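Here is the structure we will look at, set down as structure tokens.
The values are calculated or read from the model by the stated rules, or taken from the named source; none is laboratory data. Keep in mind that this is a model prediction, so the values were computed, not measured. Every residue, glycine among them, receives a Cβ derived from its backbone with ideal geometry; neighbour counts consider all protein chains shown. Ligands, DNA and RNA are stripped out before the accessible areas are found, and what is left, the full protein with its side chains, is counted by its heavy atoms. Shrake-Rupley method; radii C 1.70, N 1.55, O 1.52, S 1.80 Å.
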Amino acid sequence: MATTAESRNGVVIILTLIVATLLMLVPLPETARYFRPEWVVLTLVYWAMALPHRVSIGVGWLVGLLMDVTMGGTLGIMAFSYAFAVYLIARFHLQLRQYPLWQQALTILSVVVVVHLVSVVTSKTESTWLIWMPVLTSTLLWPVMFATLRKIRRTLSLIHISEPTRPRLIS
């Protein structure tokens, strides 16, 4: 039985999100942990921009909740911030797709700042200026992440499946 494009879309999106989660869990030395990019946010943003009908606010919330459990944080913090990030991208995905990569990177900067700001405000630990380094590294990594995920999407022929058109009634 051949796989349909929609089921293949879902599997690839889930696999890329799992890889992004694993990259967030890779242990790093104390000095390098501040420079870890927001892998999951970048992946969610890409899929929300490329296939908005498959990655919605609910997916962002669910992935955020799983990240809360995985990272041992307060339940709902990442869920809220990821859902909000996906909302922002979904709201403007048609415009964002038209931007050159450097403008997309600036948009990613603002989205990751919002996600990170929620984490910093709700955190009880002391923070230094290094706490903002993931925002910078995520912004700088966006062109590579975009190219990689786009190559995966095009290689596997993941397509945007639009809603069926309704026939017009002529009165």
Assuming Asp68 fulfils every condition listed in (1) within 23 Å of Leu140 (Cα to Cα); (2) open to solvent by less than 10 Å² (accessible area, probe 1.4 Å); (3) touching a Ser or Thr at 6+ places or on another chain (Cβ under 9 Å) apart from one, which condition is it? (1)
Given (1) modelled with pLDDT of 90 or more; (2) over 16 Å from Trp39 (Cβ atoms), where does Thr128 come up short, assuming only one miss? (1)
For the range 78-93, enumerate the residues that are open to solvent by less than 40 Å² (accessible area, probe 1.4 Å) and aromatic (Phe, Trp, Tyr). Tyr82
Restricting the search to the range 128-138, which residues are in contact with a helix residue (DSSP H, G or I) (Cβ under 6 Å, 6 or more places away or on another chain) and exposed (fewer than 13 other Cβ atoms within 10 Å of the Cβ)? Leu130
Among the residues that make up the range 20-36, is at least one of them buried (at least 19 other Cβ atoms within 10 Å of the Cβ) and part of a loop (DSSP other than H, G, I, E, B)? no
Answer from Leu117, Leu75, Leu106 - the residue that is of a type in the set (A, V, I, L, M), open to solvent by 70 Å² or more (accessible area, probe 1.4 Å), farther than 23 Å from Leu158 by Cβ and outside any helix (DSSP H, G or I): Leu75
